Amino acid sequence: MTITVPRPRLNWRERLYLPGIAAGLAITFKHFKNMLLGRTKVTMQYPEQKWDSHLPDYYRGAHLSAARDQNYSRRDSSV
């Protein structure tokens, strides 16, 4: 059995999608303005820039299993 869901009635402004497009463009221009004025952070260039200079080169952060509780035991997948 097929259930038909009626679509909501949209007025002419909602059918044009202009309010949604204008809101999206406003957010985009706001981010662009903040980037030009230097208010936002720029992505770090990984090989050239490091988070901390005192960390060794091979360190990439703590592994998830190291952050868990020591009493955590993983279930054997072969059972």
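The numbers here are math on the coordinates, done by the rules we state, and not lab data. Being a predicted model, the structure only gives us computed values, none of them experimental. Cβ atoms come from the backbone with ideal geometry, glycine included; neighbour counts cover every protein chain shown.
Hey, fewest Cβ within 10 Å first, where do GLU14, GLU48 land in order? Present the calculation step by step, with values, prior to reporting the outcome.
Working: GLU14 12, GLU48 6.
Least to most surrounded, the residues fall as GLU48, GLU14.
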Once ARG9 and THR28 are pulled to full extension, the length gained, defined as 0.36 nm per residue separation minus their Cα-Cα distance, is 3.9 nm
